[in-house]
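Participant: The structure's right below; bear with me while I get my questions together.
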Amino acid sequence: MDTVTQVLEHPQYKACCETITDYEADRTYCRHDMEHFLRVGQIAILLAKENGLSIDAEEIMLAALFHDLGRALQYQNGISHAESSAILAEEILLSIGYDPAKTDRICAAVKCHSKRQDVKIRYAKRGSQKTLEDLLSFADHFSRECFACLASDTCKWKAEERIDRPYFEIKEDYDIRKRGLL
């Protein structure tokens, strides 16, 4: 069984996803669900490929699958979601026998992914991402569809941080498995 499947089927991973779903059931704003996790992974993998980076697609997808998993602990205990996501990633990855060095890289990226900034400045830097952390942070930001959000008037994101048009269109032809990127 591949590592991504092992993670998705891991009881602790599933429990955290269920907790997030429960806490966000009535959430008006962007949700932290599997659709978001996979979209972040797809964007980051495409960006890595566009930039000619040799970062392993599996590592990118694993980082994406874990990057907001700590929301479960944030909602329950007020712990930083980025830090708790890294802790959960380490626990789960090591429990399935994943490579410790790769686990460290994934955890470092997850722990530091949460950086919002002016969308035009960030987009202008597209292509300058060289690390897993950079890819994850960029993809997390641009995975959001603020331009179509019905609650954008009350969103906590500043106007300049909001995504005003679809910079990435993730369609079936970008499916990472079909393209052999994972």
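The values are calculated or read from the model by the stated rules, or taken from the named source; none is laboratory data. The structure presented is a predicted model; accordingly, all values stated were derived computationally and were not measured. Don't worry about glycine lacking a Cβ; one is built from the backbone with ideal geometry, like all the others, and counts go over all protein chains shown.
Participant: When only residues in the stretch 1-12 that are touching a residue at least 24 places away in the same chain (Cβ under 8 Å) and either farther than 18 Å from residue 84 by Cα or in contact with a strand residue (DSSP E or B) (Cβ under 9 Å, 6 or more places away or on another chain) (or both) count, which is surrounded by the fewest Cβ atoms within 10 Å (Cβ to Cβ)?
Facilitator: Step by step, filter the stretch 1-12, then rank; the result is 2.
Participant: Give the stretch 89-111 a look and list any residue that's aliphatic (A, V, I, L, M), surrounded by fewer than 22 Cβ atoms within 10 Å (Cβ to Cβ) and either within 18 Å of residue 72 (Cα to Cα) or within 16 Å of the chain's Cα centre (by Cα) (or both), or say none.
Facilitator: 108
Participant: With the requirement that a residue be under 18 Å from the mean Cα position of the chain (by Cα), surrounded by fewer than 18 Cβ atoms within 10 Å (Cβ to Cβ) and touching a residue at least 60 places away in the same chain (Cβ under 8 Å), what does the stretch 13-35 give you?
Facilitator: Once the filter is applied, which keeps residues that are under 18 Å from the mean Cα position of the chain (by Cα), surrounded by fewer than 18 Cβ atoms within 10 Å (Cβ to Cβ) and touching a residue at least 60 places away in the same chain (Cβ under 8 Å), the stretch 13-35 yields 29, 30.
Participant: Being modelled with pLDDT of 75 or more and assigned to a loop (DSSP other than H, G, I, E, B) is the filter here, so list the residues in the stretch 104-149 that pass it.
Facilitator: Within the stretch 104-149, 112, 130, 131, 143, 144 qualify.
Participant: Still on this structure: Filter the stretch 72-81 down to residues that are modelled with pLDDT of 85 or more and within 15 Å of the chain's Cα centre (by Cα), then give me how many there are.
Facilitator: Within the stretch 72-81, residues that are modelled with pLDDT of 85 or more and within 15 Å of the chain's Cα centre (by Cα) number 1.
Participant: Another one. Kindly provide the set of residues from the stretch 27-45 that are part of a helix (DSSP H, G or I), farther than 15 Å from residue 137 by Cβ and of a type outside the set (S, T, N, Q), ordered by number.
Facilitator: Residues satisfying the conditions are 34, 35, 38.
Participant: Report yes if residue 164 is over 16 Å from the mean Cα position of the chain (by Cα), surrounded by fewer than 18 Cβ atoms within 10 Å (Cβ to Cβ), modelled with pLDDT of 85 or more and charged (D, E, K, R), otherwise no.
Facilitator: The answer is no for residue 164.
Participant: Moving to a separate point now. For the stretch 8-26, does any single residue satisfy the condition of being closer than 14 Å to residue 140 by Cα and either at pLDDT 90 or above or not in a loop (DSSP other than H, G, I, E, B) (or both)?
Facilitator: No, the conditions are met nowhere in the stretch 8-26.
Participant: Taking the stretch 50-60 as the search range and keeping residues that are more than 17 Å from the chain's Cα centre (by Cα) and either in contact (Cβ under 8 Å) with a residue 12 or more places away in the chain or part of a helix (DSSP H, G or I) (or both), which one is surrounded by the most Cβ atoms within 10 Å (Cβ to Cβ)?
Facilitator: Checked the stretch 50-60; the qualifying residue surrounded by the most Cβ atoms within 10 Å (Cβ to Cβ) is 53.
Participant: Anything in the stretch 1-43 that is hydrophobic (A, V, I, L, M, F, W, C) and more than 23 Å from residue 94 (Cα to Cα)? List them, or say none.
Facilitator: Scanning the stretch 1-43 gives 25, 30, 43.
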